[in-house]
1. Where Lys and Arg each count +1 and Asp and Glu each count -1, what net charge lies around residue 119 among other residues with Cβ under 15 Å from its Cβ?
2. Whole angstrom only: what separates the Cα centroid of the stretch 35-62 from the Cα centroid of the stretch 1-30?
3. In units of 2.2 N^0.38 Å, what is the alpha-carbon radius of gyration of the stretch 47-107?
4. Please work out the average accessible area per residue across the stretch 1-53, using the 1.4 Å probe convention, and give it in Å².
5. Can you pull out the chymotrypsin sites (Phe, Trp or Tyr not before Pro) in the stretch 4-78 whose DSSP state is coil and whose Cβ has at most 16 other Cβ atoms within 10 Å?
6. Normalising by the residue count of the chain, find the relative contact order in percent from Cα pairs under 8 Å and 6+ residues apart.
7. Test of the criteria: in the stretch 42-110, which trypsin sites (Lys or Arg not before Pro) are in a DSSP loop and have at most 15 other Cβ atoms within 10 angstrom of their Cβ?
8. Compute the distribution of all C-alpha to C-alpha distances in the chain, in bins of 10 Å from 0, and list the percent of pairs in each, rounded to whole numbers.
Amino acid sequence: PNDGTTWESLVYAAKVNGVSSDGLFNVTGKSYRSWSIADLRSELAKGHPVILLVRYRSLPDHFDSAFYGDHYIVALGFDASGNLVYNDPAFKTSPGSDRTIDPANLQNAWSHTAAGFTRTAMGLYR
């Protein structure tokens with residue numbers, strides 16, 4: 001569980017399951033794109049879920065975790081208070097659906113990954 005997976009593996013998994021992805025790479029295709037909150041809002045407004053790589057301990061439900069690595073979450077939208085609504089697959093005893101994170105904590109979790117990536121994400125669509 002501490003080894004994780006790569007962005008490229010997630011792109012492949014989406015593709016073989018009939019789902020397209022967009023936004024992971026910059027225009028040259030040689031490095032990962034750094035998303036803004038506005039980019040995230042725009043993609044979610046189109047009805048596309050977005051996978052984000054975040055720092056696990058920076059998520060509200062994991063502040064006390066002993067794990068210092070990164071984690072993928074699936075962004076679904078923003079609530080009326082401006083908080084990101086997301087699904088977190090790291091829950092075994094309760095559903096990880098419909099979690100929320102405020103903009104400041106989102107920016108921190110998304111911008112300070114252990115892997116050194118800053119605000120990487122990919123939108124998913126059919």
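The values are calculated or read from the model by the stated rules, or taken from the named source; none is laboratory data. A quick note: this is a predicted structure, and the numbers were derived from the prediction, not measured. A quick note on method: Cβ atoms are made from the backbone with ideal geometry, for glycine too, and the neighbour counts reach across all protein chains shown. Remember, those area values only see protein heavy atoms, side chains included, never the ligands or the DNA or RNA. Shrake-Rupley method; radii C 1.70, N 1.55, O 1.52, S 1.80 Å.
1. 0
2. If you average the Cα positions of each part, the centres end up 15 Å apart.
3. Normalised Rg, Cα atoms only: 1.06.
4. 63
5. Answer by residue number: 63, 67, 68.
6. Once divided by the residue count of the chain, the mean separation gives 31 percent.
7. The qualifying sites are 46, 92.
8. Bins of 10 Å from zero give 13, 47, 35, 5, 0 percent of pairs.
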